Each structure stands twice: as C-alpha cells, then as structure tokens.
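The values are calculated or read from the model by the stated rules, or taken from the named source; none is laboratory data. None of these values were measured; they are calculated from a predicted model. Positions of Cβ are backbone-derived with ideal geometry, glycine not excepted, and every protein chain shown enters the neighbour counts. The protein model used for the area step is the full one, side chains on, heavy atoms only, and it has no ligands, DNA or RNA in it. Shrake-Rupley method; radii C 1.70, N 1.55, O 1.52, S 1.80 Å.
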Amino acid sequence: QVQLVESGGGLVQAGGSLSLSCAASGRTSITSAIGWFRQAPGKEREFLAAISWDGDRTLYADSVKGRFTISRDIPKNTVYLQMNRLTPEDTAVYYCAADLSLEVAPEWYDYWGQGTQVTVSV
C-alpha cells in the first residue's frame, strides 16, 4: 500500500511558477516510481512527468519538457514538480501517482493522491 498527499497548488499569474509536492508513505512507497498527471475539466487525465524510485530516471511529456522539472528527495520520500512559465492552459487538478515501474499511461498506476488545484490567471 502507498499513500500519497499532494500540496503546493494555488493561484498564480501567467508566466509565474509553482512547486508541487507529493509526500509518499507506506510499505512500498520508497521503491515506487512516482508520476505527475493533471486533469482539466472535460479533458482526459494527462501524463506530465515521472521519476524512478531512485531518482535516476525521468520521463517528461513533450508538452511540459523544458518548463517542468520532476525531482525526488529520497530521505523525505517526497517528489516535487517544479513548474515554470505557467500559462492558463496549465490550469487543472494535479495528481501524483505511484507504480512499481516507470510508466506514462495512467492506467498502470495503482495508487493516487487526492489532487491539488492549480489555477493560472491571465
């Protein structure tokens, strides 16, 4: 079992930055890959980035490559998503999820956090 808690969402102006955190706990959390996803109203859940359990491998969606950075603090068992140059199109609920392997498709992830809202104003 893995428990995930996101934080750091909020309201930011276009061009600004936000850093999201995903605190993981549970017996298998330290050996799980963590992915970040988002879902805007009326849209499907979208993969953003993922990081391996040891932090050595990362994956990014083309839509956020160069703007978003995923990182992992192993002692704190926390994964971060630094988001820069935000636009109103980034407005969505952001979720972190855990899986045993590094995956892109959301259906492969077994555990999900409750989500945190990110709103980017013009």
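Quick one: in the range 79-100, of everything that is closer than 18 Å to ALA23 by Cα and open to solvent by 20 Å² or more (accessible area, probe 1.4 Å), which residue is modelled with the lowest pLDDT?
LEU100
Could you please find all residues in the range 18-32 being open to solvent by less than 60 Å² (accessible area, probe 1.4 Å) and either modelled with pLDDT of 95 or more or more than 17 Å from PRO106 (Cα to Cα) (or both)?
Within the range 18-32, LEU18, SER19, LEU20, SER21, CYS22, ALA23, ALA24, SER25, GLY26, THR28, SER29 qualify.
Can you tell me which residue within the range 44-78, out of those that are under 22 Å from VAL120 (Cβ atoms) and without any contact (Cβ under 8 Å) to a residue 12 or more places away in the chain, is surrounded by the fewest Cβ atoms within 10 Å (Cβ to Cβ)?
Restricting to residues being under 22 Å from VAL120 (Cβ atoms) and without any contact (Cβ under 8 Å) to a residue 12 or more places away in the chain, the top hit is ASP62.
Could you grab me the full set of residues in the range 88-122 that are outside any strand (DSSP E or B), closer than 18 Å to GLY8 by Cβ and in contact (Cβ under 8 Å) with a residue 60 or more places away in the chain?
GLY113, GLN114, GLY115, listed by residue number.
Tell me whether the range 63-81 contains one or more residues that are in a strand (DSSP E or B), among the hydrophobic types (A, V, I, L, M, F, W, C) and farther than 19 Å from TYR109 by Cα.
yes
Scan the range 1-20 and report the pairs whose first residue is outside any strand (DSSP E or B) and whose second residue is open to solvent by 40 Å² or more (accessible area, probe 1.4 Å) and aromatic (Phe, Trp, Tyr), with Cβ atoms within less than 8 Å and a gap of 6+ or a chain change.
Within 8 Å, the pairs are GLN1/TYR111; VAL2/TYR111.
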